[in-house]
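The next block holds one structure in the form of structure tokens; read it before the comments.
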Amino acid sequence: MRAWLRASTELMLLSAGVRAGQRVLDVAAGTGEQTLEIAARVGPSGSVVATDLSARILAFAAARATDAGVSTVETLACDGEELPFADASFDAVVCRLGLMLFAAPDSGLAQMHRVARPGAKASVLVFSAPENNPCLAILASTAARHAGLERPDPFAPGSLLSLGRAGALQAMFARAGFQAVQSTRLSAPFVMPSARHYVDFVRDSGAPVIKMLAHLGPGAQEEAWSEMEQRLESFTTATGWAGPNELLLVTGTR
């Protein structure tokens, strides 16, 4: 994960203006990989608050910080659409591959705007358009067919590609009150030894397709995963496997 998102995360933090001495909010922080990168940037005079809806997942972030000897990271389980922080209390706000999973991303952005100090920036990283993320499209369409479901709407609220429609996230930033909204499309291919390794990663990551297949028996599930792997093998290269992915980075100023 770190190798896949290294360059994109670097650009997200640069866009948000994260620097020494700041108090930074990391929304939907997950296991906190990027949280430690933020902590390294703000240094001992700064601090990071990592939030996520799942306390269980945040425990990994807290453990990661402890293991790294970092004492400037605080974790708090909360809903990103109802952040429990005072107005204008953060110098920067970031959210890496989390906002698209919100039931109401407009509310999430409004909260980010509220807790950001005047002049602070919020920077959000999401998946871009479906046609530029064929691996995700293959996973979803194959799972839906095996599960007897209708072909999923890629822009359905809470789906991985829900904010990939052209101009949608930028408009949300504007509605939330952010100024000088900027967006950048970033190529982020998923490089692995083989398609099988990618499928194994997806199965271990709690991806939405797992829920789609949950009602099937073990044999039927394996058939679905096998077909996904077969279709994904089209991205095999001379040195391994590289699945095309494109991310969208949007930044706005409070």
Reported set for region 114-129 where residues are of a type outside the set (Gly, Ala, Ser) and surrounded by fewer than 20 Cβ atoms within 10 Å (Cβ to Cβ) is ARG114, ARG117, PRO118
Testing ALA65 on (1) assigned to a loop (DSSP other than H, G, I, E, B); (2) over 18 Å from the mean Cα position of the chain (by Cα); (3) surrounded by 15 or more Cβ atoms within 10 Å (Cβ to Cβ), one condition comes back false. Which one is that?
(1)
Flag if ARG23 is under 18 Å from SER123 (Cβ atoms) and without any contact (Cβ under 8 Å) to a residue 24 or more places away in the chain:
no
Unmet requirement for THR251, which otherwise passes all of (1) surrounded by 16 or more Cβ atoms within 10 Å (Cβ to Cβ); (2) in contact with a helix residue (DSSP H, G or I) (Cβ under 7 Å, 6 or more places away or on another chain); (3) at pLDDT below 95
(3)
Considering only residues of region 82-113 that are buried (at least 24 other Cβ atoms within 10 Å of the Cβ) and small (Gly, Ala, Ser), which is nearest to LEU5 (Cα to Cα)?
ALA92
Answer yes if at least one residue in region 77-91 is in contact with a Gly (Cβ under 7 Å, 6 or more places away or on another chain) and either closer than 25 Å to THR253 by Cβ or not small (Gly, Ala, Ser) (or both), and no otherwise.
yes
Can you tell me which residue is surrounded by the most Cβ atoms within 10 Å (Cβ to Cβ) among those in region 23-40 that are assigned to a helix (DSSP H, G or I) and out of contact with any strand residue (DSSP E or B) (no Cβ under 8 Å at 6 or more places or on another chain)?
GLU37
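Condition check ((1) surrounded by fewer than 16 Cβ atoms within 10 Å (Cβ to Cβ); (2) without any contact (Cβ under 8 Å) to a residue 24 or more places away in the chain) across all residues:
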site: GLY148; (1), (2): yes, yes
site: GLY158; (1), (2): yes, no
site: LEU161; (1), (2): no, no
site: ARG165; (1), (2): yes, no
site: PHE173; (1), (2): no, no
site: PHE178; (1), (2): no, no
site: MET192; (1), (2): no, no
site: VAL199; (1), (2): no, no
From the list GLY206, GLY164, GLY158, pick out the single residue that is over 25 Å from ALA110 (Cα atoms) and in a loop (DSSP other than H, G, I, E, B).
GLY206
Sort out which residues of region 214-240 are in a loop (DSSP other than H, G, I, E, B) and within 26 Å of the chain's Cα centre (by Cα), and write them in order of number.
ALA214
Options GLY206, GLY243: the member that is closer than 21 Å to GLY30 by Cβ, touching a strand residue (DSSP E or B) at 6+ places or on another chain (Cβ under 7 Å) and of a type in the set (Gly, Ala, Ser)
GLY243
Give region 241-254 a look and list any residue that's among the aliphatic types (A, V, I, L, M) and either part of a helix (DSSP H, G or I) or farther than 16 Å from ALA166 by Cα (or both), or say none.
ALA242
Only one of (1) among the acidic types (Asp, Glu); (2) under 15 Å from the mean Cα position of the chain (by Cα); (3) more than 27 Å from ALA207 (Cβ to Cβ) does not apply to GLU33, and that is (3)
Being of a type in the set (S, T, N, Q) and within 15 Å of ILE138 (Cβ to Cβ) is the filter here, so list the residues in region 201-254 that pass it.
SER226, GLN230, SER234, THR236, ASN245
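The values are calculated or read from the model by the stated rules, or taken from the named source; none is laboratory data. Note that the structure is predicted; figures quoted are calculated from it, not measured. Reconstructed Cβ throughout: ideal geometry from the backbone, glycine too, with neighbour counts over all protein chains shown.
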